[in-house]
Structure formats: C-alpha cells, structure tokens
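What follows is one structure encoded as structure tokens, with my remarks underneath.
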Amino acid sequence: MEEQKKRQNWFTGIVIPIAVGVALALALRQWVVSPARVPSASMYPTIPATSSRDFAYVVVNKLATELRPIHRGEVVVFHWPDDPKELFVKRVIGLPGDTVTVTENAVYINGKKLQQTNPDIAKSNGAETGTYKVPPGHYFMLGDNRPISDDSRMWVHKYVSRSAIVGEADIVLYPFNRIGFISQHI
C-alpha cells in the first residue's frame, strides 16, 4: 500500500505538472507567440540579419494580427505566396484595395506620396518599380532594405493573403546585442 501511495504522489507531484507545463508551452507557441528565424538582409537594419550565415531571430506576436486589423507599416511574418512552406518577414505597405506605385525614390499609395519617417527604411527603392493594385483580402509587402529585398515587386504571386499572415514581428531576440522592439511605423 505504501509503494502505491509513493507512485501516486510521484505521478501527481511530478508527471502531471510537467505535462500541464508542456501543454501550456505548446499552446502558447501555437496561438500566442513563437520565434522566427530571419535569414536575409531584406529588413536590415530594422532586423539585423545580414546573410543566411548572419541571421536574426524575432518574436512573432500571433495575437496582434488576430485581435486588430493589420495596418500599413506593420512588420509581419507570413507564408510566402510563391512557396507557402517558407516564412518571410516584411513591412505591410499596401492594404486591400490600394494602388501602390513604387518609383526609384518614393512609394505612392492611391496617388499620394507615402511619408516615410522611419530612419531604418532605405531612401532608395532600387530598380524594381511599378504599379500594383492590391486585391481584396490581400497585402503588398516591401522590405526595409529595398534595393536588395525580395518582396512583392519580384514575386510571381505579388500579394499576401490575410490567411497567410502568421503574426506581427515584435521583438528582435538575437543577436543579443541588438535585442529590442521592432518599429511598427513607416
């Protein structure tokens, strides 16, 4: 009888709390926050990755994009439209229904020049220019390091559907010397 009581105490005192803790951690990662690896310089210096060897990690806040509308300037993690197995991180520029025109040195939304006050966003957009009409339920994305960014301008499927957005990239976790919040404005 004493042996059975010891096993029961061990089970209720150790196994159940560990199982509950693991379940809570998995639930948090699935529905609230998770890490994401950023392996390119397309968002540099906002996200300090400079290559696949010099990558960064960010915290993805999944609730941010579920509990409020996605806004222009928000940095989001999403399934890339050309290969949904891959996750990308970019800044939302065009909202559903917008007409986005990208010139070498400016971005226009519905004919009005986009005022960019964020010093981390490149002043030049590079040579990839054009006009894009964002369909309903979709978004147009640009990287902050636009001259080298692989973004909506280059993709076969130019727009990111609302359902493909995983969450908002909120915090740089790594490299450790760059830990901090990510600016969510243009």
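Read the figures in this text as sums done on the coordinates, not as results from a lab. Just so you know, these numbers come straight off a predicted model, no measurement behind them. Backbone-built Cβ (ideal geometry, glycine too); neighbour counts: all protein chains shown.
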Next item on the list: Measure up 62/133; 112/133; 113/158; 113/133; 123/158; 62/112 against 19 Å on the Cα-Cα distance and list the ones that go over.
Entry: 62/133; 113/158; 123/158; 62/112
Notebook entry, point to check: At what distance in nm do the modelled label points of residue 86 and residue 118 sit from each other, each positioned 7 Å from its Cα along Cα→Cβ?
Noted result: 2.1
Next item on the list: Go through the stretch 64-71 residue by residue and turn each phi into a ³J(HN,Hα) via Karplus (6.51, -1.76, 1.60, θ = phi - 60°); whole Hz please, and just put x for glycine and proline.
Entry: 4, 8, 8, 9, 8, x, 6, 10
Next item on the list: Per residue of the stretch 80-95, in order, report the coupling 6.51 cos²θ - 1.76 cosθ + 1.60 (Karplus, θ = phi - 60°) as ³J(HN,Hα) in whole Hz, putting x for Gly and Pro.
Entry: 4, x, 7, 7, x, 6, 9, 9, 10, 10, 8, 9, 6, 10, x, 9
Next item on the list: Using a Förster distance of 35 angstrom, determine the FRET efficiency expected from the C-beta separation of residue 171 and residue 106, and round it to 0.05.
Entry: 0.70
